[in-house]
Amino acid sequence: MPVDVYWRIGTHGDQRSLRDRTVTRGDWSPVVPGSIAPGVRAGRPDGYSHLDHMADVARASELSGFVGGLLPSFPFTDDPWAAAASLARETGTYRFMIAFQPGFLHPVQAARMSASLQRATGGRVVYNVISGGGGPAQLWWGDKVDHDDRYARTSEFLDVLKGVWHGGPFDYEGRFYRVEGAGLPAPLARQPFPEIYFSGSSPAAIRAAGRHADHYLSWLEPFPALAAKFGTVREHSEELGRSPRFAVRIDVLARETEEEAWDEIERGWRHVDPAALRGPEVGGDSVGWLRGQSFVDWPVTGPRELEAAPNVWGGFHLLRGGPAFGLVGSYAQVAARLDELIGLGVDAFILAGVPHLEEAHRVGENVLPLLRGHDLRDHAPSTPFTATRGTL
């Protein structure tokens with residue numbers, strides 16, 4: 001079976017490199033000299049928006065062999081549903097993996113909205129279902145539901161969404177949702193139900209994933225820990241008569257040689273806040289984040305102390321926002337580590353690099369062709385929609 005490899009599209013801007021945390025692509029940070037999306041020419045905005053830049057990343061990754069792109073969702077990002085609708089006409093077969101928290105949508109509205117987007121895009125919507133990391137970010141959304149109940153709510157949400165999608169009249173009464181006689185109209189109900197990539201590392205998350213996930217999605221961890229987590233998910237799924245599949249979200253820094261890759265890390269390390277080397281601050285109740293930090297013996301003094309295994313580096317969060325672990329090495333080494341993950345049962349990846357546009361080309365052209373089970377011919381883009389820029 002071919003391996004699906006997605007790219008990440010930054011919905012909140014992007015740095016020019018891991019050596020410099022200044023955001024030059026995206027207007028979520030102040031526009032500075034050198035900003036390009038939007039940019040300033042002769043003291044005036046140049047008319048090139050961050051959505052234009054996101055479209056460039058989508059097109060670049062589609063042409064480079066990626067099957068689709070993850071659209072993240074945070075308080076400081078554009079809305080991924082709106083972004084997917086806008087970007088779909090800029091691509092041909094490219095899938096949009098929309099990250100969302102079920103608690104912030106009613107499942108009946110989510111079903112109608114998703115099916116409409118499936119209909120408009122030819123079935124290119126994929127779900128990345130997340131249940132939130134707690135803390136101040138969760139309260140930003142007005143959500144005070146505690147950790148385990150968020151996963152119970154997610155499970156109910158998906159029960160209702162599937163029931164409504166696959167025909168009506170559908171009735172449901174649970175702790176969080178109640179519907180009577182719900183169902184999509186026939187043109188929407190005929191649309192393919194999106195694949196579900198389900199995130200979460202806690203026991204409550206793994207139980208819910210066992211019921212609903214098409215792909216259980218994890219951040220990268222040292223491989224033995226990842227294999228053990230997959231084993232737990234597999235047990236829960238098989239008890240329910242389901243066969244789980246697995247996906248991993250990975251930042252990649254790949255260069256022609258290993259020395260070049262680590263030189264990039266060293267150059268970025270010079271700008272790391274010394275206070276961050278004492279250990280991470282804990283905000284929220286994300287078990288996945290806490291697990292990732294448990295693999296590092298804090299404090300640290302140099303970047304190679306964060307290499308948990310060959311090419312598996314736990315310091316990406318010190319150079320850019322996001323998860324800690326990723327892969328650092330030559331093109332061949334990074335492909336070899338991905339192949340090892342395929343051997344653990346992984347059949348989908350969400351890769352990312354900084355900056356997203358240039359690294360989509362680099363990884364697509366130099367790493368994907370080396371990856372076992374990935375055939376660029378399987379994901380060749382078709383002719384995109386013919387809408388012109390400015391009509392979206």
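The values are calculated or read from the model by the stated rules, or taken from the named source; none is laboratory data. Keep in mind it's a predicted model, so treat the numbers as computed, not measured. Every residue, glycine among them, receives a Cβ derived from its backbone with ideal geometry; neighbour counts consider all protein chains shown. Side chains included, ligands, DNA and RNA excluded: accessible areas come from the protein's heavy atoms. Shrake-Rupley method; radii C 1.70, N 1.55, O 1.52, S 1.80 Å.
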Looking at region 189-219, which of the residues that are of a type in the set (Lys, Arg) and more than 18 Å from VAL145 (Cβ to Cβ) is modelled with the lowest pLDDT? ARG211
Of ALA111, ALA88, ALA60, ALA84, which residue is within 16 Å of the chain's Cα centre (by Cα) and part of a helix (DSSP H, G or I)? ALA84
Go through the residues of region 19-33 one by one and say whether even a single one is at pLDDT 85 or above, charged (D, E, K, R) and crowded, with 19+ Cβ neighbours inside 10 Å. yes
Across region 233-262, what is the total count of residues that are open to solvent by 20 Å² or more (accessible area, probe 1.4 Å), in contact with a strand residue (DSSP E or B) (Cβ under 8 Å, 6 or more places away or on another chain) and either over 24 Å from ARG8 (Cα atoms) or in a loop (DSSP other than H, G, I, E, B) (or both)? 3
Output for Cβ contacts, cut-off 7 Å, separation at least six or different chains, first residue modelled with pLDDT under 95 in region 160-188, second of a type outside the set (D, E, K, R) and in a loop (DSSP other than H, G, I, E, B), reads GLY167/GLY183; GLY168/GLY183; PRO169/GLY183
Identify the single condition in (1) modelled with pLDDT under 95; (2) part of a loop (DSSP other than H, G, I, E, B); (3) open to solvent by less than 10 Å² (accessible area, probe 1.4 Å) that TYR48 does not satisfy, given that it satisfies every other one. (3)
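Rundown of residues vs (1) of a type outside the set (Gly, Ala, Ser); (2) more than 15 Å from TYR127 (Cβ to Cβ), yes/no style:
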site: ASP56; (1), (2): yes, yes
site: LEU71; (1), (2): yes, no
site: PHE76; (1), (2): yes, yes
site: ALA84; (1), (2): no, no
site: GLU90; (1), (2): yes, yes
site: ARG95; (1), (2): yes, no
Check region 375-383 and report whether any residue there is farther than 14 Å from ALA247 by Cα, assigned to a helix (DSSP H, G or I) and at pLDDT 95 or above. no
So, in region 141-155, of the ones that are touching a residue at least 40 places away in the same chain (Cβ under 8 Å) and assigned to a helix (DSSP H, G or I), which residue ends up farthest from GLY210 (Cα to Cα)? HIS147
Matching residues in region 65-100 (open to solvent by less than 10 Å² (accessible area, probe 1.4 Å) and small (Gly, Ala, Ser)) number 7
Filter region 173-190 down to residues that are more than 30 Å from the chain's Cα centre (by Cα) and crowded, with 16+ Cβ neighbours inside 10 Å and give me whichever is nearest to SER114 (Cα to Cα). ALA182
Mind listing just one residue for me: the one in region 358-372 that is under 25 Å from PRO323 (Cβ atoms) and open to solvent by 40 Å² or more (accessible area, probe 1.4 Å) and, of those, modelled with the lowest pLDDT? ARG372
A careful count of residues in region 298-311 that are in contact with a Gly (Cβ under 8 Å, 6 or more places away or on another chain) and in contact (Cβ under 8 Å) with a residue 60 or more places away in the chain gives 1
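Listed here are the residues, each with its yes/no results for (1) more than 18 Å from ALA254 (Cβ to Cβ); (2) buried (at least 20 other Cβ atoms within 10 Å of the Cβ); (3) touching a helix residue (DSSP H, G or I) at 6+ places or on another chain (Cβ under 6 Å).
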| residue | (1), (2), (3) |
| --- | --- |
| GLY292 | yes, yes, no |
| PRO299 | yes, no, yes |
| GLY314 | no, yes, yes |
| GLY321 | yes, no, no |
| VAL334 | no, yes, no |
